[in-house]
1. So how far, in whole Å, is the C-alpha centre of the range 120-138 from the one of the range 213-249?
2. So what J values fall out for the range 82-97 if you push phi through Karplus, 6.51 cos²θ - 1.76 cosθ + 1.60 with θ = phi - 60°, rounded to Hz, Gly and Pro as x?
3. To the nearest 20 Debye, how big is the dipole of the range 272-338 about its Cα centre, given +1 on the beta carbon of each Lys and Arg and -1 on that of each Asp and Glu?
4. Restricting to DSSP loop positions (anything but H, G, I, E, B) with no more than 15 other Cβ atoms inside 10 Å of their own Cβ, which GluC sites (Glu not before Pro) remain in the range 32-77?
5. Taking amide H atoms as placed 1.01 Å from N in the peptide plane, list the residues 5 or more away in sequence, or in a different chain, whose amide H sits under 5 Å from that of Arg382.
6. Antiparallel versus total DSSP beta bridges in the chain: what percent is that, nearest 5?
7. Before anything else, pin down the relative contact order of the range 2-392: Cα pairs under 8 Å, at least 6 apart, normalised by residue count, whole percent.
8. To the nearest 0.05, what FRET efficiency results for Leu149 and Arg396 with a Förster distance of 30 Å applied to their C-beta separation?
Amino acid sequence: MLVLPGVIDVHTHYGLVGARGVRTADDFYQGSISAAAGGVTTVIDYADPLPGESLPEAALKRRREAEGSIVIDFSLHVVVSSFGQQDVPELAALVEQGVTSLGEIFTSHPSLKIDTEDLRLLLVKARDAGVLVTMHAEDDVLIQKAGRLLRQLGQNDKQYHGISRPIEAEVTAIKWLIEMAAELECPLYIVHVSSGEGAKAIADARRAGQLIMGETCPHYLLLSEGKYRESGAGLYIMNPPLREAENNDALWAALAEGTLQVVTTDHCSYTRQQKEASSVCFDIMPGVPGSETLLPLLYTEGVGKGRLELPQLVKLLSGNPARIFGLYPQKGIIAVGSDADMVIFDPAKEVIITAPEQHSAAGYTPFEGWKVKGYPRLTLLRGQVIFRDGQFCGERGSGRFIHARQGQLL
Ligand SMILES: [Zn+2]
């Protein structure tokens, strides 16, 4: 067996209420059970302030929502959609509360995106307060343009999802953000990078000495756009979309080279029924479940296929996320004085991933039928076994809020 530090999934959306009031199927309880089954012992979810609510109020409310039900430890990012001078003191209050990252802040999504002047002020003030800004990078103008064209042509079926949000939109947004960060001398973290070109823009900036960090997800490493032309295509709709297969290799290389520091899942578990309520690509609820399959897939496809060394995998899934998001050394390492969050991992155990075996309430997995070699046998949270051979044996509400400190810039 391998004894690994517990996995930290820094991008989950439990009980997210998306467009049209549709709520994701996994709440903090169910979602965290699914995560624990896959060896995840800490997640970072999002607090999204209601209109008129301050950032610290939103964080506290979200913390209370999770406490009492979540079964693994957690931290929070806070979403910001507008920011002015009057909001600056809220950053210090957040740090006091143990929240040191903001996001995912949208450059797309007309209703969610932040005004450019607000973003510039936020980047500077967040840097000064020791708070990391994380960005969803897709250029809204290019997405609107692609959408208009498709609508004019009457091409709005699932197979057009990729075309409706082209790589160009991601790359343009990443470059725009990098330029802004350079001018303002601020660090930046890009969530779910989906393309080789997007990763290359980050690599170039890092080579030029900029502190730009980023993550990708198993679906961008392992799946490709062809899914949108197969039956069940709606289940694969997420933003940004799946890309041509050549991007898979480029993203693996970006992980191996350290251009991207984290692999996360963007776990966003709409049910099959919710996903299939529409066949129009613009209307399908975007997002896929993923925490439970993160470690087995990355081990099998990364270490098993020689794309990553085992220590690299541990960094990408535990050490780096803990460092970047201020949880280290309490989390992200097996050491005296750290929380004993561990996975006892059987590198020889072969499993075929199927939805009925999964613990997410989504009821499907984008990796249906994938064969993995290497699977968690035990998951330990602070020394307590919470998952044993596919059985949850923890306790509802045993997860704790972790007070994040200022993260490291890797
Ligand atoms: Zn997300």
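Bear in mind that the values in this text are calculations on the coordinates, not laboratory data. None of the values given here were measured: they were computed from a predicted structure. For neighbour counting, all protein chains shown are included, and Cβ atoms are generated from backbone atoms with ideal geometry for every residue, glycine included.
1. Cα centroid of the range 120-138 versus Cα centroid of the range 213-249: 28 Å apart.
2. Here the 3J(HN,Hα) series is 8, 7, x, 3, 5, 8, 4, x, 5, 5, 5, 5, 5, 4, 4, 7 Hz.
3. Numbers: 7 positive and 5 negative charges, 45 e Å.
Rounded to the nearest 20 debye, it is 220 debye.
4. Working: sites: Glu53, Glu57, Glu65, Glu67; in loops: Glu53, Glu67.
Taking the range 32-77 and a limit of 15 other Cβ atoms within 10 Å, the loop GluC sites (Glu not before Pro) found are Glu53, Glu67.
5. Hits under the 5 Å cutoff: Ala340, Asp341, Met342.
6. Working: 20 of 44 bridges.
Percent antiparallel among DSSP bridges in the chain is about 45.
7. Details: 872 pairs, mean separation 78.3, N = 391.
Normalised by residue count, the contact order of the range 2-392 is 20 percent.
8. Numbers: r = 49 Å, r/R0 = 1.64.
According to the calculation, E is roughly 0.05.
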